[in-house]
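J.: Quick one: the structure is below, and I'll ask about it shortly.
The values are calculated or read from the model by the stated rules, or taken from the named source; none is laboratory data. What you see is a predicted model, and the numbers here were worked out from it, not measured in a lab. Quick reminder, even Gly has a Cβ in these numbers, built from the backbone with ideal geometry, and neighbours come from all protein chains shown. The area values use the complete protein model at the heavy-atom level, side chains included, leaving out ligands, DNA and RNA. Shrake-Rupley method; radii C 1.70, N 1.55, O 1.52, S 1.80 Å.
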Amino acid sequence: MIQKSTLNDRIVNEDMLSHLPEPVQRYMRWTGVVGRPWIRTAYVRQEGRFRQALDKPWMPMKAEQIFTVEPPGLLWQARFWMFGLPLMHARDMYKNGEGHMFGKAAGLFTLFDDRSEKLTLGTQIRYLSEMIWFPIAYLGDHITWTAIDDRSADVALTDHGRTVSGRMFFDEFGRPVTFETMRYREMNGEYVLAPWHTPNLEYGQRGGLNIPVRGEVYWIMPEGKLTYGDFKIIEVEYNRPGDAI
């Protein structure tokens, strides 16, 4: 493990990859992290579309997100367009081991305001899946890797006494293909566990690293596959002064 007291001034080297499963080593080399300084924070700007159900219309969306690595945290703020107007905004936060999701319509009506334990677990899983945009964090003390085969590995994130996990799949070049896990989904006021997948569709360079730059998110429900998000990563910046949650 890397000593926390020295993270801020560390440069990633090959020795830091030696304990990882082979496909994860391949992935980390593909990202270009070797020789790069440690990432403390990441700023991510997204554009795309979102829908709440198969029978609901797609809504254009724009979002900005800040991640912290030590301790793990995220703040995602998004606006959604309906009838050509930005009529809905949402915020998803993970801080100090607690999740909070909040949304309003037309700046007036609260659509959801959730701090429940199952919401927290879901937000922690979201953080784990989105570490592909600041991949040096996969080398941190909160992360555990378990080898599966030459194209996949299990990854777990432990924080504030909770552990969440999923399986990452990689291609022959080391590019991350998808992340798969079980995640709580809200349905009619109740949370149910359902398979949750985040396939990556395009790759590029942002912030000096190779990362996925377009992806989808979908649930596998009894009635079929529900793709509810399709987004592109427009901009990434690491270690911006003042970024915090």
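J.: Of all residues in the range 66-85 being part of a strand (DSSP E or B) and open to solvent by 60 Å² or more (accessible area, probe 1.4 Å), which is modelled with the lowest pLDDT?
T.: Residues of the range 66-85 part of a strand (DSSP E or B): 66-68, 73-82, 85.
Keeping just the survivors that are open to solvent by 60 Å² or more (accessible area, probe 1.4 Å) gives 77, 79, 81, 85.
On the way: GLN77: 97, ARG79: 96, TRP81: 92, LEU85: 84.
So, considering only residues that are part of a strand (DSSP E or B) and open to solvent by 60 Å² or more (accessible area, probe 1.4 Å), the one modelled with the lowest pLDDT is LEU85.
J.: When both residues are 6+ apart or on different chains and their Cβ atoms are under 7 Å apart, which pairs have a first residue that lies in the range 222-239 and is among the aromatic types (Phe, Trp, Tyr), and a second that is in a strand (DSSP E or B) and open to solvent by 40 Å² or more (accessible area, probe 1.4 Å)?
T.: TYR228/PHE50; PHE231/GLU47
J.: If you don't mind, there's one more thing I want to ask. Out of all the residues in the range 194-216, is one or more closer than 19 Å to LEU54 by Cα, touching a His at 6+ places or on another chain (Cβ under 9 Å) and either open to solvent by less than 30 Å² (accessible area, probe 1.4 Å) or at pLDDT 95 or above (or both)? First the steps, then the outcome.
T.: At the first step, the residues of the range 194-216 found to be closer than 19 Å to LEU54 by Cα are 194-199, 215-216.
Add one more test, that the residue is touching a His at 6+ places or on another chain (Cβ under 9 Å), and what stays is 216.
Keeping just the survivors that are either open to solvent by less than 30 Å² (accessible area, probe 1.4 Å) or at pLDDT 95 or above (or both) gives 216.
Yes, there is a match, as at least one residue in the range 194-216 is closer than 19 Å to LEU54 by Cα, touching a His at 6+ places or on another chain (Cβ under 9 Å) and either open to solvent by less than 30 Å² (accessible area, probe 1.4 Å) or at pLDDT 95 or above (or both).
J.: Would you point out which residue out of ASP113, ASP92 is open to solvent by 50 Å² or more (accessible area, probe 1.4 Å), free of Cβ contacts under 8 Å to residues at least 40 places away in the same chain and within 22 Å of GLU190 (Cβ to Cβ)? Before the answer, list the steps.
T.: Numbers: ASP92 fails: open to solvent by 50 Å² or more (accessible area, probe 1.4 Å).
Every option except ASP113 fails the conditions.
J.: Cβ contacts < 7 Å: first residue part of a strand (DSSP E or B), restricted to the range 29-58; second residue open to solvent by 30 Å² or more (accessible area, probe 1.4 Å) and among the acidic types (Asp, Glu), any location; separation 6+ or different chain. Result?
T.: Within 7 Å, the pairs are TYR43/GLU237; ARG45/GLU64; ARG45/GLU235.
J.: Here's something else I'd like to know. Among the residues of the range 4-28, which ones are at pLDDT below 95, part of a helix (DSSP H, G or I), touching a Phe, Trp or Tyr at 6+ places or on another chain (Cβ under 8 Å) and among the charged types (D, E, K, R)?
T.: ASP9
J.: In addition: What residue, of THR158, THR144, THR178, is open to solvent by less than 50 Å² (accessible area, probe 1.4 Å) and not in a helix (DSSP H, G or I)?
T.: Values: THR158 fails: open to solvent by less than 50 Å² (accessible area, probe 1.4 Å); THR144 fails: open to solvent by less than 50 Å² (accessible area, probe 1.4 Å).
Of the residues listed, the single one that is open to solvent by less than 50 Å² (accessible area, probe 1.4 Å) and not in a helix (DSSP H, G or I) is THR178.
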